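All of the numbers you see were taken from the coordinates with simple rules; none came from a lab. None of the values given here were measured: they were computed from a predicted structure. In this analysis, Cβ positions are derived from the backbone assuming ideal geometry, glycine residues included, and neighbour counts consider all displayed protein chains.
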Amino acid sequence: MIPADRELTEAGLAPEGRGRILLIACGALAREILDLKAANSWTHLDLTCLPAKLHLYPEKITEAVTEAVTRHRDDYDGIFVVYADCGTGGLLEARCRDLGVEMVAGPHCYSFFEGNATFAARDEFTAFYLTDFLVRQFDAFVWKPMGLDRHPELRDMYFGNYEKLVYQAQTDDPALDAKARDCAARLGLAYERRLTGYGDLATALSAL
Amino acid sequence: MADDEIILSELDDEELVLQMHDDLYDGLKEEIEEGVRILLDRGWTPYDVLTKALVAGMTIVGADFRDGILFVPEVLLAANAMKAGMAILKPLLAETGAPKVGKMVIGTVKGDIHDIGKNLVGMMMEGAGFEVVDIGINNPVEKYLEALEREQADILGMSALLTTTMPYMKVVIDTLKEKGMRDDYIVLVGGAPLNEEFGKAIGADAYCRDAAVAVQTAKDFIARKHNAMA
């Protein structure tokens, strides 16, 4: 069963205890990973997620991943960390190296969903990205934490230098497309949708 | 009018300054503008209004942000209020010859458009008596170098929010070294994904985790520079 976004945001997801390799992932990637697991019959992979709200506090990610690796490593043959750098400034990569575990390559999920090489080649630094999860959770992850629900006048201080919102669609869902378009309008940005699928996430997991 | 409404002009100086600290904390732009005007009308020097009312108030905001009591939206509102107060004071400070501590060129690196942290640092540096030349966002190395030379700056401040753009700071520092200019400037770096190790690794003089630290670090380095010259 797919866990609710709210649960993934606040609490994360506990492992099922089945499979040789444990994926320690961001809660924002749970649906995508479970979908890939089911579609490919990857029964050797188990999944646990840290709360997606860590996305808002990147400085806490490295320690949270370390704690999860330490807690679970004796129960599995291997562990794979499904975080990119995610604003840790290289600290997560260095810690994973110290812990002897692999992780997904790339600066953040926006990059690996599109494919790290393609994303880097675009060099579109005036784009603000949303994924399926972030479109669904736009208010919880963007609007409210930035205080725009209470102080809409701050919008241009945050987004004045951006030009467009790019919705990287993992799934082809017209309702999410419409919601993402509305998010762009609320932020005062042009809108673009790209159907990325799972990009390098699928490639990385298929190699395990 | 509510019975408990505070009339700023009826407060004595000490009460008014404390009230301005509260108003700054609450991001009340118009109240700050009014408070600044009242203090000036009472004969306060622009420098005293700046340091005792605005900077002191913003220092409380900065400390509570550091301690996780305030968050970015509240800090931005406070910064907007302080900016409004400073807009009144700036021309007066120039006229009255307030002390200048040093000059800083500050900008966000190439490929990065984030400027909230940079703007906060710039404002607090101005509040502390530094002359700040803000060269904006998405700056290639040439633009930094040109501004440093043109402005005869003491300090270079570089900001980045992205893991992908922060390595560009090293490009700037390495270019300064190649041109034999590195020792002419104090180089301070900051931004959410940076840390002290990164600052050391790229050859910056210091990593500053927030605006208050940036101000203190800049003051310390300027004092050391002056001591070395004495």
Notebook entry, point to check: From the backbone phi of the range A:111-125, what are the Karplus-calculated ³J(HN,Hα) couplings (6.51 cos²θ - 1.76 cosθ + 1.60, θ = phi - 60°) in whole Hz, Gly and Pro given as x?
Noted result: 6, 6, 5, 7, x, 4, 5, 5, 4, 5, 5, 5, 6, 9, 7
Item checked: Footprinting exposure proxy for A:CYS183, A:CYS49 (fewest neighbouring C-beta atoms within 10 Å first) -> A:CYS183, A:CYS49
Note to self: Given the -39500 (n - 2.57) contribution per DSSP H run of 4+ residues, what per-residue ellipticity at 222 nm results for the protein assembly as shown, rounded to the nearest 500 deg cm²/dmol?
What the structure shows: -14000 deg cm²/dmol
Notebook entry, point to check: Which FRET efficiency value, to the nearest 0.05, is calculated for B:ASP48 and A:ASP156 with the Förster distance at 35 angstrom and r the Cβ-Cβ distance?
Noted result: 0.60
Next item on the list: Sequence neighbours fewer than 8 away in the same chain don't count; with that in mind, list the lysines whose C-alpha is under 30 Å from A:LYS179.
Entry: A:LYS37, A:LYS53, A:LYS60, A:LYS144, A:LYS164
Item checked: Phi to ³J(HN,Hα) by Karplus 6.51 cos²θ - 1.76 cosθ + 1.60 over the range B:84-98, Hz, x for Gly, Pro -> 5, x, 5, 4, 6, 7, 3, x, 6, 5, 4, 5, 8, x, 4
Next item on the list: Measure nothing fancy, just the Cα-based angle from helix B:29-41's long axis to the longest principal axis of chain B, in degrees from 0 to 90, nearest 10.
Entry: 70 degrees
Margin query: Given contacts defined as C-alpha pairs under 8 Å and at least six residues apart, what's the relative contact order of the range B:7-98, whole-number percent?
Written below: 38 percent
Notebook entry, point to check: Under the definition of partner shielding as Cβ atoms of other protein chains within 10 Å of a residue Cβ, what is the mean value for peptide B:64-75?
Noted result: 2
Margin query: Order these by the 10 Å Cβ neighbour count, fewest first: A:THR88, B:THR96.
Written below: B:THR96, A:THR88
Next item on the list: Give me the number: length gained by fully extending B:GLU131 to B:GLU30, i.e. 0.36 nm times residue separation minus the C-alpha to C-alpha distance, one decimal in nm.
Entry: 33.8 nm
Next item on the list: Sequence neighbours fewer than 8 away in the same chain don't count; with that in mind, list the lysines whose C-alpha is under 30 Å from B:LYS225.
Entry: B:LYS52, B:LYS83, B:LYS90, B:LYS100, B:LYS103, B:LYS110, B:LYS118, B:LYS143, B:LYS170, B:LYS177, B:LYS179, B:LYS200
Item checked: Sequence-distant residues sharing a close amide H with A:PHE80 (under 5 Å, placed H) -> A:LEU22, A:LEU23, A:ILE24
Next item on the list: Set the Förster distance to 30 Å, then compute FRET efficiency between B:ASP64 and A:ALA94 from the Cβ-Cβ distance, nearest 0.05.
Entry: 0.45
Notebook entry, point to check: If all Cα-Cα distances of the protein assembly as shown are sorted into 10 Å bins from 0 onward, what percent lands in each bin, rounded to whole numbers?
Noted result: 4, 19, 26, 23, 16, 8, 3, 0
Next item on the list: Enter the angle in degrees (range 0 to 90, nearest 10) between the Cα long axis of helix A:61-72 and the first principal axis of the Cα atoms of chain A, meaning the one along which they spread out most.
Entry: 30 degrees
Check: If you count, for every residue in A:154-165, the Cβ atoms of partner chains within 10 Å of its Cβ, what is the mean?
Finding: 3
Check: Rounded to the nearest 0.05, what FRET efficiency is calculated for B:ASN227 and A:HIS44 with R0 set to 56 Å and r the Cβ-Cβ distance?
Finding: 0.30
Checklist line | Unit Cα scatterers, Debye sum, chain B: log10 I(q)/I(0) for q = 0.08, 0.10 Å⁻¹ | finding: -0.31, -0.48
Check: Taking neighbour counts of Cβ atoms within 10 Å as a proxy for exposure, in what order, fewest first, do B:THR165, B:THR59, A:THR118 appear?
Finding: A:THR118, B:THR59, B:THR165
Check: Of all DSSP beta bridges in the range A:5-104, what percent run antiparallel (nearest 5)?
Finding: 5 percent
Next item on the list: Report P(r) for the range B:107-187: all Cα-Cα distances, bin width 10 Å, range 0 to the bin holding the largest distance, values in whole percent.
Entry: 19, 53, 27, 1
Next item on the list: Can you tell me the 0 to 90 degree angle between the C-alpha axis of helix A:30-40 and the longest principal axis of chain A, rounded to 10?
Entry: 60 degrees
Check: How high is the relative contact order of the range B:113-226, in percent, counting Cα pairs under 8 Å that sit 6 or more residues apart?
Finding: 28 percent
Next item on the list: Would you mind giving the mean number of other chain beta-carbons within 10 Å of the Cβ of each residue in B:112-125, as a whole number?
Entry: 2
